[in-house]
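One structure is given here, and the rest of the page talks about it.
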Amino acid sequence: MQGLNFKIFKIILFLIFLLVSDRFIGIILEKLYNKSNDINISKIRYTLYDTHEDILIFGSSRAQHHYIPDTISKITGHNSYNCGLGGQGIAFSFIQISETLTRYKPLRIIFDVSPNILLDKNSDQKLNILTPYYHDNALIQNILNSSSSFEKLKCTSFIYPYNGLLFDLLTGLVYTPHVSVKGYIPIYGLIDTTTIANEDPGILQDIPSDQMKYLQKIINICQSYKAELWILVSPIYKETKEDTKIIQDLRDFLFQKHVHLLDFSKKSDFSNCMLFKDNLHLNYYGAIKYSKIVADSIACSLK
Amino acid sequence: MIFNSIIYLLFLAIVAIVYYIFPGKLKWLLLLLASIGYYLSFIPIFLLLLAVIVFVNYFMAIWLANANDGRSSLLIVLIIILNILILAFFKYFNNLFPDNQLQLYSVALFPESEPVDKMILPLGLSYLTFTVLSYQIEVKRKTIQPETHLGYFSLYLLFFPRIAQGPIERPQHLIPQLHQDHHFNYSMVIEGLKLMLWGYFKKLVIADRLGIYVNAVYNNSENHNGTSFIVATIFFAFQIYADFSGYTDIAIGSARLFGFNLSNNFKRPYFATSIKEFWNRWHISFSTWLRDYIFLPLAYFLSNRMKKQRYLHIATEKWIYLIAIIVTFAICGIWHGVGWTYLIWGVLFGLYLTYANWTKDFYKKIRKHFKINRASPYYITYQILSTFILVLLAWIFFRADSLSTAFYIVKSVFTFSGDFFIDYKTFIYGFTGILILIYVEYCREFRSEGSLPFLTNNWIKEVFLYGSLIIIIMLVGVFDGSQFIYFQY
């Protein structure tokens, strides 16, 4: 009987050790997260809770690398910030835009979409980058819960929300952010045109319903706050048949919703390979040229 | 319901609790129902196929045991051909019918699943075929009596912890355990949980983390240089080991919750001092299967046919070894998949082993001449490293998508032009995981044997160590629910 009691005692001790460690380490991680200067962490924090600029750019890596806020600010006379984040999809942008609009209404919301992002069926799955906000943000909590049946259970742990972030948190302590870039990250180098696939896929896909759902939500929330939403497709070096179809589907959808689409994907100004890093991304020089064009359009509309 | 999902843990917990409440005589029924339930969570239609295989083999084994020698020889050939044909049909279906658009319906329990619109290999069919062949051959050899209880026989083949990826259980080992009455055994359950935890650590912290770098390099081979390939190949060696042995630990640990002991599949393979030893430590249930049912019978057959002492001035036994080992490993390669890469991977190991066999007397003389002490730590280290490098070379063929990519990578390993791809995060996490794995395995290899990662009499230290494993998993584990590599085989 003593043996049984001891076994139960060991199990209880093990559970206490786990709970205490989880809580203790979780608190430390939370403090590290809030202090971190890691480029992605500080950008997420800023775009969710601190933006105040007149012109905000949202989207994925193409947004992050294509829109230079300083150039846009100089031409339009309004300050701007690039909220784009590489590797994320429409769901992430929806959360950013929603959080922004609950705080204030920017003059322009620029949302950069691209065919590859519209076709991404796993947009929801990438949102675990937002788990540190799970307990404090109802919108994020709802979306994460709907994307994974067990997210609620996982997030009972205080460590789990910081899963995979330890390295970023530690390096973020010693990292000094470049404030001047305002969310823009330049990429350098030239496209290797020989690596671009010539073949198109046999079956052309439709935009997944989940993606349309988030796009619709973005339009709805902007309309409910009477915020001016611009949807842009930035330049693509070589557009595939699939890209063309997706952009046309997007155009048709946005036409029904009375949202204007600015499509730069086939613009002849961007047929020069010197402006691209790869098929979907402009390099720094391409970004300068493109930002000027976008800024001119914004400036015209603001007059 | 893959092992690295929360739904599996919930399923396992419920089945384990009900199992110990269930009356002793009917425990097998609960496990069989649980196994069917587990299988249904993937692609239900394939359960019909498995049921047919179980029924056919059940009756054939009884027939085989009662047949006279002449008829039983014919019957075993028929049984082998039938089972192999079923496996080959499904394994190579997409190669035979590349344009097929079969609609297979998978079950979405909680997360939505993608529709399967092309034939895929039924889960566990390979392992089930090997298990059933082992059973039938043993019945033919009269080393066992056929199992007459259809329920136990079905459970032997379908037992859920091992259905997907093995271990390939011999009937002598598992069937007697099915007949035993299993009562709750605290030590065994705790051992099972510890082993599962170690398995999850290997899968989530090491394998899936390293996979990020390996996929980035191997899936875009034209963009990487030799250093990237070396690192990616070393990472892949640990990825596939952590993935497969992690799976095995979870399988063995799960079975222990019900009082069953499954065979161990791995015994620290990267501490092997020769390729022969590597295969005695890697995927043991499969390698011993190949040895007992292909290599040895083939070698025996050849030794009866090749009567001369020597052929081309080389001893006949060396020729027999060469033929038997190359054929065995070619089959091993083909079993892994269609394509030259797998075949070359297998044949490469066959050649390594042949070289070792043919030159063993030569190396014995060299060691004697230079007075090399085989027990010397330096010599052992040299042997471990040289074996590891040979294994790495083989892994390139295993991992590469095509033969041209594999040769490109082998060639590129010796060039250093281009950028070295560095992903600091994966490097730090990956290397830390590898170091923990090597340290634990080093302790098991050179200090104390055992399947558990930590062996200590200090229970406070044990609480700390296993608790830390959970914290590390929560902190740096990859929770994207990726499949185990060997699911596809």
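Descriptive notes on the structure:
- Highest mean first, the peptides A:290-301, B:7-18, B:258-269 sorted by other C-beta atoms within 10 Å per residue fall in the order B:258-269, A:290-301, B:7-18.
- Shielding by partners, peptide B:3-12 (average Cβ within 10 angstrom, other chains): 1
- FRET efficiency estimate (nearest 0.05) - Cβ-Cβ, B:Tyr382 to B:Ala13, R0 56 angstrom: 0.75
- Summarising the strand pairing of the protein assembly as shown, around 25 percent of its internal DSSP beta bridges are antiparallel.
- B:Trp63/B:Arg374 FRET efficiency (R0 45 Å; Cβ-Cβ; nearest 0.05): 0.30
- Listed cross-link partners A:Lys245/A:Lys277; A:Lys154/B:Lys91; A:Lys238/A:Lys292 are compared with a 29 Å cut-off, the Cα-Cα value being larger for A:Lys154/B:Lys91.
- Hz values of 3J(HN,Hα) by residue in the range B:434-447 - Karplus curve (6.51, -1.76, 1.60), Gly and Pro given as x: 4, 4, 4, 4, 5, 4, 4, 5, 4, 4, 5, 6, 10, 10
- Sorted peptide list for A:90-99, B:22-31, criterion being average Cβ within 10 angstrom, highest first: A:90-99, B:22-31
- For the range B:6-179: rounded, prolate or oblate by the Cα gyration tensor [a/c cutoff 1.5]: oblate
- Counting, for every residue in B:459-470, the Cβ atoms of other protein chains within 10 Å of its Cβ and taking the mean gives 4.
- Model label points for B:Lys364 and A:Ile11, set 7 angstrom from Cα along the Cα-to-Cβ axis, are 5.6 nm apart.
- The charge dipole of the protein assembly as shown, taken about the Cα centre with unit charges on the Cβ atoms of Lys, Arg (+1) and Asp, Glu (-1), comes to about 2580 debye, rounded to the nearest 20.
- Note on B:His149/B:Trp340: beta-carbon distance plugged into 1/(1 + (r/R0)^6) with R0 of 51 Å gives a FRET efficiency of 0.70.
- Contact order normalised by residue count of chain B, Cα under 8 Å, 6+ apart, percent: 18
- Inter-label distance, nm, simple model (7 Å from Cα along the C-beta direction), A:Phe24/B:Ile422: 3.5
- Rounded to whole numbers, the Karplus 3J(HN,Hα) couplings from phi for the range A:205-218 are 8, 9, 5, x, 4, 4, 5, 4, 4, 5, 4, 4, 5, 4 Hz, using 6.51 cos²θ - 1.76 cosθ + 1.60 with θ = phi - 60°, and x at Gly and Pro.
- A crude spin-label estimate for the pair B:Glu277 and A:Ser268, with each label 7 Å from Cα along the Cβ direction, gives 7.2 nm.
- Residues with amide H under 5 Å from that of A:Leu282, placed H, sequence gap 5 or more: A:Lys277
- Each peptide among B:311-321, A:212-222 gets the average number of other Cβ atoms lying within 10 Å of its residues, and from highest to lowest they stand as A:212-222, B:311-321.
- Spatially proximal lysines relative to B:Lys308 (Cα-Cα < 20 Å; intrachain offsets below 8 disregarded): B:Lys318
- Counts of other chain beta carbons within 10 angstrom of each beta carbon in peptide A:18-24 average 3.
- Convex hull volume per residue for the range B:270-412, taking Cα atoms only, in Å³: 142
- Cut-off 17 Å (backbone N to label point 7 Å along Cα→Cβ of A:Tyr285), residues of the range A:45-74: A:66
- Distant alpha-carbon pairs in the protein assembly as shown (separation over 34 angstrom), percent: 59
- Neighbour net charge for A:Arg103 - beta-carbon separation under 12 angstrom, K R +1, D E -1: -2
- Overall form of chain A per C-alpha gyration tensor (a/c, 1.5; a/b vs b/c): prolate
- Choice from A:Thr47, A:Thr194, A:Thr156 with maximal GNM fluctuation in chain A (Cα, 10 Å cutoff): A:Thr194
- Expected 222 nm ellipticity per residue - DSSP helices of 4 or more, -39500 (n - 2.57), all of chain B, to 500: -21500 deg cm²/dmol
Where a number appears in this text, it was derived from the coordinates with a stated rule and is not lab data. Source: prediction; values computed, not measured. Reconstructed Cβ throughout: ideal geometry from the backbone, glycine too, with neighbour counts over all protein chains shown.
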